[in-house]
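Colleague: Before I ask anything, here is the structure I am working with.
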2 protein chains.
Amino acid sequence: MSEAKVSVLDWGFLHSDVTYDTVHVWDGRFFRLNLHLDRFSQSMQRLRMKLPYDRTEIATILANCVFLSGHTSAYVDMICTRGASPTFSRDPRDAENRFIAFALPFGSVANKEQLERGLHIAISDTVRIPPTSVDPKIKNCHWLDLVQGLFEAYDYGAETALIVDTNGNIAEGPGFNVFAVKDGRLRTPANAVLPGITRQSVFDLCSELGMSAVAGDIGPSEIKAADEVFITSTAGGIMPVTKIDAATMGDGKVGAVTRRLMSLYWKKHTDPEWSSPVSELASLINKP
Amino acid sequence: MSEAKVSVLDWGFLHSDVTYDTVHVWDGRFFRLNLHLDRFSQSMQRLRMKLPYDRTEIATILANCVFLSGHTSAYVDMICTRGASPTFSRDPRDAENRFIAFALPFGSVANKEQLERGLHIAISDTVRIPPTSVDPKIKNCHWLDLVQGLFEAYDYGAETALIVDTNGNIAEGPGFNVFAVKDGRLRTPANAVLPGITRQSVFDLCSELGMSAVAGDIGPSEIKAADEVFITSTAGGIMPVTKIDAATMGDGKVGAVTRRLMSLYWKKHTDPEWSSPVSELASLINKP
């Protein structure tokens, strides 16, 4: 990994003109790889980027990254940058789009202790970059608002942050969506958020369990009054939150709905409808 | 330059958690280097970044980049990234801030022909990332809104773009500020724009010439009705605009105010109060 680098002249670095997606591998199996490949392809299309690899070739490259890294549980990045122009041209159409892929050991927003006791989150009044500026459906690297929120959360003594949309409602945090549970019903912000794939998994799990889950506005006071709160990310899955600013969620312990969803989420990692073996895709593995 | 790279794990790439500044060298002299160093230092401070180099050391590194590149006119970048954490930690405080500097041949937003006849610009309704999300005083790489505007301008048949602020007034373009001249008075957007150093130079030149120049709102219809329009950037200085969307500025030729400012701007490049020889700063040059 120390040798994986990008040119300082790449628009992906100089202008954050880049999109990416991250899929995870758990115990040798990709989790919902197709959904990640769909989103990656849509993001590239919206940014008018093209790669000389088709969907199957990208999947094979990712599988080979995992295989070569030796990780059985991994965080796998696929990145497409605008690229650089050999003439230093200021016209992005002159740049050659580049593909970068790598596999890291699986990482989580919440560590083991935090998964057991729940995270402590602070709400920052920094506004998530609005959809009129950058389409949040394009998974992008524009994070200075999220980093600002994170530093404010650290100042406050919290462990991570939620930032707001232009109306002051909750948007998302650095790398995660958020859900509030009230009277057994789930709600997650609809505006100015990435449509996360773990967020989608929660909708799918709720549908299977016959639970109500909708996307809509949630104000700061509303989320603080929730029975349970959890965040969702490919980096960690479904992760409980037990404190927001000075407010304690419910009795301060990880709630029953959150536990039930976490358990089902991890069970899906062996379900062939939700996951697929890395070895099926890697061309470098000697198959019998 | 082909060897100048940044780690794909650097937050500067993965989260665009980076600031930079660009100073230019013209005929062996830095132009307003102190103003660029001031802004770079303020940007770093606002992002809570620190480097192990003081101001003089940074200036010396930049001068050495120019000297080693052999360019007598150059575009010189200083970049500070959040860096990467050796443990893949998701806490930006664990990252080691990195410094990158390089010199490229001097480049301009407008080419020779465009400087003579004036640029053709299209106004996009993409909204520049608002100050409530990212402080525009921090020179940043969050450009997806500007790139979107640029592609829309190309679709329209224009050469570059202006995008708007949240109120629909003109903000800025990809790498430049804009000025409108009406009845001899100059006006440039105040909101959601980088306080550019070439923009500052225009204020300073106007003050010297006894001309009125203020920062304030300019609507799309107002700018299209201006007598003259020009853009400002370290990459090219003061550059005329003669067409916005379908509207022609004045008589369609580069106006008298723009020509006068362009001429004085370039004269300042030999003025010791505005510029300084690269050789004064480069430690690698054998001095007599």
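No value in this document is a laboratory result; all are computed from the given coordinates. Owing to the predicted nature of the structure, the values given are computational and were not obtained by experimental measurement. Cβ coordinates were reconstructed from backbone atoms using ideal geometry, including for glycine residues, and neighbour counts include every protein chain displayed.
Colleague: At R0 = 22 Å, how high is the FRET efficiency between residue A:204 and residue A:259 if r is their beta carbon distance? Nearest 0.05 is fine.
Modeller: On the way: r = 18 Å, r/R0 = 0.81.
For R0 = 22 Å, the calculated efficiency reads 0.80.
Colleague: For chain A, just say rounded, prolate or oblate: build the C-alpha gyration tensor, square-root its eigenvalues into a ≥ b ≥ c, call rounded for a/c under 1.5, and beyond that prolate if a/b exceeds b/c, oblate if not. Could the numbers behind the result be given before it?
Modeller: Details: a/c = 1.99, a/b = 1.32, b/c = 1.51.
Since a/c reaches 1.5 but b/c is at least a/b, the shape of chain A is classed as oblate.
Colleague: Only counting other Cβ atoms within 10 Å, I'd like A:143, A:266 sorted with the fewest neighbours first. Mind showing how you got there, number by number?
Modeller: On the way: A:143 23, A:266 13.
Arranged by neighbour count, lowest to highest, A:143, A:266 become A:266, A:143.
Colleague: Treat each spin label as a single point 7 Å out from the Cα along the C-beta direction, and report the residue A:222 to residue B:91 distance in nm.
Modeller: 3.3
Colleague: Which value in deg cm²/dmol, rounded to the nearest 500, describes the helix-derived mean residue ellipticity at 222 nm for the protein assembly as shown, given -39,500 (n - 2.57) per DSSP H run of n ≥ 4 and division by the residue count?
Modeller: On the way: 18 runs with 172 residues, N = 576.
The per-residue figure over the protein assembly as shown is -8500 deg cm²/dmol.
Colleague: I've got another one for you. Label position 7 Å from Cα toward Cβ: report the copy-to-copy distances for residue B:38 in nm, one decimal, ordered from shortest.
Modeller: Those label-point separations list as 5.4 nm.
Colleague: Could you pull the copy-to-copy label distances for residue B:113, with points set 7 Å along Cα to Cβ, in nm to one decimal and sorted shortest first?
Modeller: Shortest to longest, the spacings are 6.5 nm.
Colleague: Under 5 Å between amide hydrogens, which residues at least 5 positions from residue A:106 or on another chain qualify, with H placed 1.01 Å from N in the peptide plane?
Modeller: The list, which skips near neighbours in sequence, is A:73, A:74, A:75.
Colleague: Would you please classify the overall shape of the protein assembly as shown from the alpha carbon gyration tensor, given that a ≥ b ≥ c denote the square roots of the eigenvalues, rounded means a/c under 1.5, and beyond that prolate means a/b larger than b/c while oblate covers the rest? Don't skip to the answer; put the middle values down first.
Modeller: Working: a/c = 1.99, a/b = 1.69, b/c = 1.18.
Prolate shape, in that a/c is at least 1.5 and a/b is the bigger ratio.
Colleague: How many angstrom separate the Cα center of the range B:1-56 from the Cα center of the range A:61-87?
Modeller: When both Cα centres are located, 28 Å separates them.
Colleague: Could you tell me the calculated FRET efficiency between residue A:285 and residue A:151, based on Cβ-Cβ distance and R0 = 56 angstrom, to the nearest 0.05? Please list the in-between numbers first.
Modeller: Working: r = 43 Å, r/R0 = 0.77.
It comes to 0.85.
Colleague: Averaged across the residues of A:144-153, what count of C-beta atoms belonging to other chains lies within 10 Å of each residue's C-beta?
Modeller: Values: counts 15, 7, 4, 9, 8, 0, 5, 4, 0, 0.
Mean shielding count: 5.
Colleague: Using 1/(1 + (r/R0)^6) with R0 = 22 angstrom and r between the beta carbons of residue B:113 and residue B:27, what's the FRET efficiency to the nearest 0.05?
Modeller: On the way: r = 22 Å, r/R0 = 1.02.
It comes to 0.45.
Colleague: Measure up A:50/A:139; A:243/A:268; B:182/B:253; B:182/B:268; A:112/A:267 against 20 Å on the Cα-Cα distance and list the ones that go over. Numbers along the way, then the final one.
Modeller: Values: A:50/A:139 16 Å; A:243/A:268 28 Å; B:182/B:253 15 Å; B:182/B:268 25 Å; A:112/A:267 18 Å.
The answer is A:243/A:268; B:182/B:268.
Colleague: Separate question: Between the range A:158-199 and the range A:261-284, what's the alpha-carbon centroid distance in Å?
Modeller: So the separation of the two Cα centres works out to 26 Å.
Colleague: A follow-up question, please. Of B:210, B:83, B:118, which is the most mobile in a GNM of chain B whose springs link Cα atoms less than 10 angstrom apart?
Modeller: In the Gaussian network model the winner is B:210.
Colleague: I would also like to ask the following. List, in order, the whole-Hz ³J(HN,Hα) value for each residue of the range B:180-192 obtained from phi through the Karplus relation with A = 6.51, B = -1.76, C = 1.60 and θ = phi - 60°; use x for Gly and Pro.
Modeller: 10, 10, 9, 6, x, 9, 9, 9, 9, x, 9, 9, 6
Colleague: Residue B:183 label points, 7 Å along Cα→Cβ, one per copy: pairwise distances from this copy to the rest in nm, shortest first?
Modeller: For residue B:183, the other copies' label points sit at 6.2 nm, shortest first.
Colleague: Once a ≥ b ≥ c are taken as the square roots of the eigenvalues of the Cα gyration tensor of the range A:11-105, is the result rounded (a/c under 1.5), prolate (a/b larger than b/c) or oblate (a/b not larger than b/c)? Let's see the in-between values first.
Modeller: Working: a/c = 2.56, a/b = 2.04, b/c = 1.26.
It is prolate, given that a/c is not under 1.5 and a/b is the larger ratio.
Colleague: Using only atoms on other chains, find how many Cβ atoms lie within 10 Å of each Cβ of peptide B:130-138 and report the average.
Modeller: Numbers: counts 7, 1, 9, 15, 10, 4, 0, 0, 2.
Taking all residues of B:130-138 together, the mean is 5.
Colleague: Exposure proxy check: A:135, A:165, B:183 ranked by fewest other beta carbons within 10 Å? Can you show the working numbers first?
Modeller: Working: A:135 15, A:165 20, B:183 7.
Listed from fewest to most nearby Cβ atoms, that is B:183, A:135, A:165.
Colleague: Listing B:13, A:40 from the residue with the fewest other Cβ atoms within 10 Å to the one with the most, what is the order? Let's see the in-between values first.
Modeller: On the way: B:13 28, A:40 22.
Fewest-to-most Cβ neighbours within 10 Å comes out as A:40, B:13.
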